[in-house]
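First comes the structure, then the notes that go with it.
The values are calculated or read from the model by the stated rules, or taken from the named source; none is laboratory data. Please read all numbers here as calculations on a predicted model, not as lab measurements. Please note: Cβ atoms are built from the backbone with ideal geometry, for glycine as well, and neighbour counts cover all protein chains shown.
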2 protein chains.
Amino acid sequence: MTPPPAAPGGPAVPTESLAIGQRSLGDPSVRFPLWPPLTEGCPVTSTESVAYPVEVDYAYDKVPADFFATAAERPRGHERWAPLLPPLHSPGLAEGGTPLVPLEDGVWIKDESRNPTWSHKDRLNRVAVGAAAGVGAAGVVVASSGNHGASAAAYAARAGLRCVVLTSAEVPPAVDAFLRGYGAVVLRVPAEARWPLLRRIAERTGYHPVSNLTPAAHTGHGFGPEGYKTLAYEMFADLGVVPRVAFVPTGYGEMLFGIWKGFAELVRLGCAERVPLLYGCEPAAGGPLAAAVRDGVPAAHVPLGPTAAYAIACPVGGYRGVVALRESHGAALLVTDDEMTAARSELARNGIWAELSAAAALAGLRRLGPQEGPVVCVSTSSGFKDLDLLTARPSETIDPDDWPAVERRLRA
Amino acid sequence: MTPPPAAPGGPAVPTESLAIGQRSLGDPSVRFPLWPPLTEGCPVTSTESVAYPVEVDYAYDKVPADFFATAAERPRGHERWAPLLPPLHSPGLAEGGTPLVPLEDGVWIKDESRNPTWSHKDRLNRVAVGAAAGVGAAGVVVASSGNHGASAAAYAARAGLRCVVLTSAEVPPAVDAFLRGYGAVVLRVPAEARWPLLRRIAERTGYHPVSNLTPAAHTGHGFGPEGYKTLAYEMFADLGVVPRVAFVPTGYGEMLFGIWKGFAELVRLGCAERVPLLYGCEPAAGGPLAAAVRDGVPAAHVPLGPTAAYAIACPVGGYRGVVALRESHGAALLVTDDEMTAARSELARNGIWAELSAAAALAGLRRLGPQEGPVVCVSTSSGFKDLDLLTARPSETIDPDDWPAVERRLRA
């Protein structure tokens, strides 16, 4: 595919990435070249029982002083923030730029359903699929039964790359159709077989993995989580200040880390005095981040009970979340399905139809009670992907000539 | 509900509407006060066989000279364009501001799935529900089995108003759940009973109707289509010029009219020299606008054959579409389901998963062949609402240890 022309509007921008290399989160003195992107965490500091991710380092001294102040003049999408992202080697879809929707005095919902595939995952996949293009891979492979897979499929399609999505056997029909809509090859396999098959496909085909490969702890893709930094940049740009507190639905903690890192860069570059207090909001049925913080370990495995918040239901965590909470002086919050259901209803009453997992952040705020603002709750995706959507009892038909029956329904 | 605080960011803006009254499209000299909004078209020029809509007139001489040049400095959502919209009496959701995604040299997709309820209908409902709040109605009532109903439900919820949605018995389960997600009362009734029941509910409850009430021709809500003008404003703001050609999926023609009127205002205010050539793209199974243009009448009834493009499958048209095509020197294009399916696949290969109706615009461009640019195709909504989504055969499960079988699937 011929790359599409650049997005219209705005003056010429610095489009070059200032990324200079990869660095271990386990020991920041352990450094690696920028290419190839490490897809299995840090090979030096990781052990059989603990896996540390890597992150990307940048030539921060070369960031223009007015970089954030002039953001609105630059084109939409990750291009706006290109100097502080890994190289964008594949075309975008104007990802990000989602609005802060006012909820109540001092509280905003960052509505991530306004992304190209209607979830926050587009911020990661623009970067991770770009890395695949950067190494000359013919395709990407991803294990996901939801937003991540669809987003990878969309960006792969746009880049002219193949995409293989390994889903569980229980993938909701709407998500299955969503994945295939972009032309991805969808392989439904038993949940426990997904990770070994992912590795096998990556090794045998050279397809670039854009989801996790490490069983000991989540390390994920070395470049991908950098894409979530743009959430912090946008909050700062839209509020004019960094929030005082931010609540974030948390599965493996990649977004939590990206948001923290974006704020930390704003502090480093002199735009903010402090990083917001960050709360990682996990389903109470699991909660590997809460367990890791409690036990003082880099990552934890936990038993995972039943929860409908499938997008953030993880039995294993990763060190990124621990770093984000430690450095922001934040905390892990466990929220129940009932609390998420109540928060989802509250969002709907305000015109935002979110999936259950997306309501974890507001559930966290409601659990803690009123906070000094500005407060931002990240709502990650739309209600279309909830498992219960298609099994719900349909609305009853009604006899249009039976006015008393109509009236009863109106009063219900 | 206490209205939420204003959206953050940006300097103080002129937030007052410059609307001065309503005017008949049948005879522009026939004028009405701004309030109450006329929900059944023009009561003076309409006859039993032809119904003419009304539109809103503004004090254009009071629009600041730098109104469009300074748009990006103002908050997101309809607030950005408030002077050229009817009064916004209820809170918004940062509607609009959708990106132009590059497709090929000189061609952009205006991705309306990036709206608060993931379709263009939010632009109308922000205005129409605001009108309901403006007249003090306790609720809104709408006949829709899709995007329009969900959008009305979202804006009603946000405004603290009740919402009743009359759907056909065949409403897709995902859409049914979507409507109820916002707390709307969903009444499933036979298709032919929807309009009489809508009128009855409006008359007996005082709920404000935000969809059509007139059987002779579509007139719709007097204020609502004004919201679509923002599509034209945004194209101009993002491209720096007005497009040369725009393709628009067309059902009742409200969006087509709104886009035309927005461009006509840009010409009137000295920002553009000409209105783009507009193509209204209808399913070939129906096509009331094509019939009206062919027969030289203000609106036509046509037989409606089978089509999966249900969001734009209308047996009756309205005068708004005829005005838009006449004044823009454009044309009505009939596109087949096969052409829309091909266009939907082309969009998906570029990372945009659209519903079949949304692909009508690109299908229109492909039917006409290459055009001098800039060309904009409006893609109205996401693939989640297509009828065939939930009946599609799911992906096959696969034995993860059977590598030859995996390989066959990868090569497929």
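In a residue-by-residue description of the range A:147-166, the property of being closer than 21 Å to A:GLU355 by Cβ and touching a Cys at 6+ places or on another chain (Cβ under 7 Å) applies to at least one position. Within the option set A:VAL164, A:VAL101, A:VAL142, being among the aliphatic types (A, V, I, L, M), within 16 Å of the chain's Cα centre (by Cα) and buried (at least 24 other Cβ atoms within 10 Å of the Cβ) holds for one residue only, A:VAL142. Scanning the range A:93-121 for residues that are facing chain B (nearest Cβ under 8 Å), assigned to a loop (DSSP other than H, G, I, E, B) and acidic (Asp, Glu) returns a single hit, A:ASP105.
Out of contact with any strand residue (DSSP E or B) (no Cβ under 8 Å at 6 or more places or on another chain), within 11 Å of chain B (Cβ to nearest Cβ) and closer than 25 Å to A:THR98 by Cβ: is that true of A:ARG393 in this structure? For A:ARG393, the condition - out of contact with any strand residue (DSSP E or B) (no Cβ under 8 Å at 6 or more places or on another chain), within 11 Å of chain B (Cβ to nearest Cβ) and closer than 25 Å to A:THR98 by Cβ - is not met. For the range A:300-321, a residue qualifies if it is of a type in the set (Ser, Thr, Tyr) and touching a Phe, Trp or Tyr at 6+ places or on another chain (Cβ under 8 Å), and exactly one does: A:TYR319. Screening B:PRO249, B:PRO209, B:PRO225 for residues that are within 21 Å of B:VAL297 (Cβ to Cβ) and touching a helix residue (DSSP H, G or I) at 6+ places or on another chain (Cβ under 6 Å) leaves exactly one candidate, B:PRO225. Scanning the range B:372-382 for residues that are in contact with a strand residue (DSSP E or B) (Cβ under 7 Å, 6 or more places away or on another chain) and over 20 Å from B:GLY97 (Cα atoms) yields a count of 1.
Sub-9 Å Cβ pairs linking a first residue in the range B:283-303 that is assigned by TED's automatic domain parsing to the domain that holds B:ALA331 to a second residue that is surrounded by fewer than 16 Cβ atoms within 10 Å (Cβ to Cβ) and in a helix (DSSP H, G or I), at least 6 apart or interchain, are B:VAL293/B:ARG326; B:ALA300/B:ARG294, ordered by first then second residue. Of the listed requirements (1) in contact (Cβ under 8 Å) with a residue 40 or more places away in the chain; (2) surrounded by fewer than 24 Cβ atoms within 10 Å (Cβ to Cβ), A:PRO190 misses just one: (1).
Scanning the range B:65-86 for residues that are within 23 Å of B:ASN147 (Cα to Cα) and in a loop (DSSP other than H, G, I, E, B) yields B:ARG76, B:GLY77, B:LEU85, B:PRO86.
Among the residues of the range B:158-181, just one is facing chain A (nearest Cβ under 8 Å), modelled with pLDDT of 95 or more and closer than 28 Å to B:ALA309 by Cβ, namely B:VAL164. Candidates in the range A:196-241 are the residues that are more than 14 Å from chain B (Cβ to nearest Cβ) and polar (S, T, N, Q); of these, the one that is surrounded by the fewest Cβ atoms within 10 Å (Cβ to Cβ) is A:THR214.
Rundown of residues vs (1) touching a Ser or Thr at 6+ places or on another chain (Cβ under 9 Å); (2) not in a helix (DSSP H, G or I), yes/no style:
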{"site": "A:ARG123", "(1), (2)": "yes, no"}
{"site": "A:VAL127", "(1), (2)": "no, no"}
{"site": "A:ALA132", "(1), (2)": "yes, no"}
{"site": "A:GLY136", "(1), (2)": "no, yes"}
{"site": "A:VAL141", "(1), (2)": "yes, yes"}
{"site": "A:HIS148", "(1), (2)": "yes, no"}
{"site": "A:ALA154", "(1), (2)": "yes, no"}
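For the range B:292-308, taking the residues that are of a type in the set (A, V, I, L, M, F, W, C) and modelled with pLDDT of 95 or more, the one that is nearest to B:ASN147 (Cα to Cα) is identified as B:LEU304. Is at least one residue of the range A:280-295 in contact with a Phe, Trp or Tyr (Cβ under 8 Å, 6 or more places away or on another chain), part of a loop (DSSP other than H, G, I, E, B) and either aliphatic (A, V, I, L, M) or under 27 Å from A:LEU231 (Cα atoms) (or both)? The answer is no; no qualifying residue exists.
Here B:VAL248 meets each of (1) of a type in the set (Val, Ile, Thr); (2) closer than 26 Å to B:TYR319 by Cα; (3) within 14 Å of another protein chain (Cβ to nearest Cβ) with one exception, condition (3).
Regarding the range B:359-369, can at least one residue be identified that is at the interface with another protein chain (Cβ under 9 Å from one of its Cβ atoms) and modelled with pLDDT of 90 or more? Within the range B:359-369, none of the residues are at the interface with another protein chain (Cβ under 9 Å from one of its Cβ atoms) and modelled with pLDDT of 90 or more. Out of B:GLU346, B:GLU355, one residue alone is buried (at least 24 other Cβ atoms within 10 Å of the Cβ) and within 14 Å of chain A (Cβ to nearest Cβ). It is B:GLU355. Mind telling me which of the residues A:GLY251, A:GLY262, A:GLY227 ends up being assigned to a loop (DSSP other than H, G, I, E, B) and modelled with pLDDT of 95 or more? Of A:GLY251, A:GLY262, A:GLY227, the one residue that is assigned to a loop (DSSP other than H, G, I, E, B) and modelled with pLDDT of 95 or more is A:GLY251. Residues that are crowded, with 20+ Cβ neighbours inside 10 Å, closer than 28 Å to B:GLY351 by Cβ and more than 19 Å from the chain's Cα centre (by Cα) do not occur anywhere in the range B:79-96.
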